[in-house]
Each structure stands twice: as C-alpha cells, then as structure tokens.
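Quick notes on the structure that follows.
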Amino acid sequence: MGELDTLDRKILHEVQLNNQLTSSQISEKIGLSPTSTQRRLNRLRRDKIIQGDVAIVSSAAVGRPLTMMIAVTLERERSDIIDHFKNAVRREPVVMSAYYVTGETDFILITSARDMDEYEAFTRNFLYDNPDIKGFKTTVVMDRIKASFYIPPWE
C-alpha cells in the first residue's frame, strides 16, 4: 500500500460524502478522467482503504427507536477472554458498533432495541449470563445528532 496523493484524498472525500457516485461523477468533481478515477477506486478498495459501503438507516423508521451505549468491563483481562467476547459481539445482531477501549471499561457497545423489554432480554442473555463480564453501565441515547464514518482524508 503506497502513499495517498492529493487525488486519492479527493476521491476518498467524495466517496465518503456519497458512495453512490459513479466514477464519471467523481472524475468531474476532482478533475481526473473517469478511467483513471476507476483505476484509483479499484486500488483503494483492493488495498482496504475503502472498506465496504454503508447505508445509515433511521432506527425509528424500522421499529428500533431505542439506542443504547453500553460500557462493558470484563472480569479478567486475558487474551482468550477478550477474543471470546469480541467474537460474541461480532455475531450479535443487536450490537450495531463495538469498540475495544482503554480506561475504566474494556468495551463500548452501541445497540438498538424495539423497546425496554427487548433491551432487558438482551442484557440477560448477552451480558448477565456471561461469566466473563464483571459489570456494565448503560446510557440511553435521547437523540442521534450525527451518524457517520467520515474520516477527513487530509494529511
């Protein structure tokens, strides 16, 4: 994977703003031919600089209006326990995003739920029933102000 030049960074900017743009549309915005733009896009994807496409869905519109941030602390910090928890999180569809973090807690989970009954069931099955979890604290989101994976592509 080589260095990103100015044109690569312009492509990344445009793709993050709208991943539905064609290479022709991007080429017009950045001043490069469509063929060169497509070649660069292919390289950025091949090198895993662009990783997939994301659609941000309204949780309320699909009947999952509750979003919770959960700080999870593990009982012990052993690599096998950490790896086991990471794998469990990856398989759990209720978990929208997850972060392995430093500080007082080990993981931050972002989850969605239809209602508090569903959230309680999730905590019982996924958190309370896991002997490797020392504890967790939940923060209920009142309003999603911004949802984005945008990373400024500047140096």
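The values are calculated or read from the model by the stated rules, or taken from the named source; none is laboratory data. In this text, all values refer to a predicted model and were calculated from it rather than measured experimentally. Ideal geometry is used to build each Cβ from the backbone, glycine not excepted, and the neighbour counts take in all protein chains shown.
Take the residues in the range 3-21 that are outside any helix (DSSP H, G or I) and without any contact (Cβ under 8 Å) to a residue 40 or more places away in the chain; name whichever of them is surrounded by the most Cβ atoms within 10 Å (Cβ to Cβ).
Leu21
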Looking at the range 10-22, can you tell me whether even one residue there is acidic (Asp, Glu), under 28 Å from Lys146 (Cβ atoms) and not assigned by TED's automatic domain parsing to the domain that holds Phe126? yes
Please go through the range 22-50 and give me each residue that is free of Cβ contacts under 8 Å to residues at least 24 places away in the same chain and either touching a Phe, Trp or Tyr at 6+ places or on another chain (Cβ under 9 Å) or among the β-branched types (Val, Ile, Thr) (or both), ordered by number. Thr22, Ile26, Ile30, Thr35
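This table checks each residue for (1) closer than 15 Å to Ala60 by Cα; (2) modelled with pLDDT of 95 or more; (3) in contact with a Ser or Thr (Cβ under 6 Å, 6 or more places away or on another chain); (4) not β-branched (Val, Ile, Thr).
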site	(1), (2), (3), (4)
Glu104	no, no, no, yes
Phe107	no, yes, no, yes
Thr111	yes, yes, no, no
Thr139	no, yes, no, no
Starting from residues that are part of a loop (DSSP other than H, G, I, E, B) and either among the acidic types (Asp, Glu) or at pLDDT 95 or above (or both), keep the ones in the range 32-49 and report whichever is farthest from Tyr150 (Cα to Cα). Ser33
Name every residue in the range 100-123 that is without any contact (Cβ under 8 Å) to a residue 12 or more places away in the chain, on the phi < 0 side of the Ramachandran plot and loosely packed, with under 12 Cβ neighbours inside 10 Å, in order of residue number. Thr102, Asp117
Answer yes or no: is there a residue in the range 117-130 that is within 19 Å of the chain's Cα centre (by Cα) and among the polar types (S, T, N, Q). no
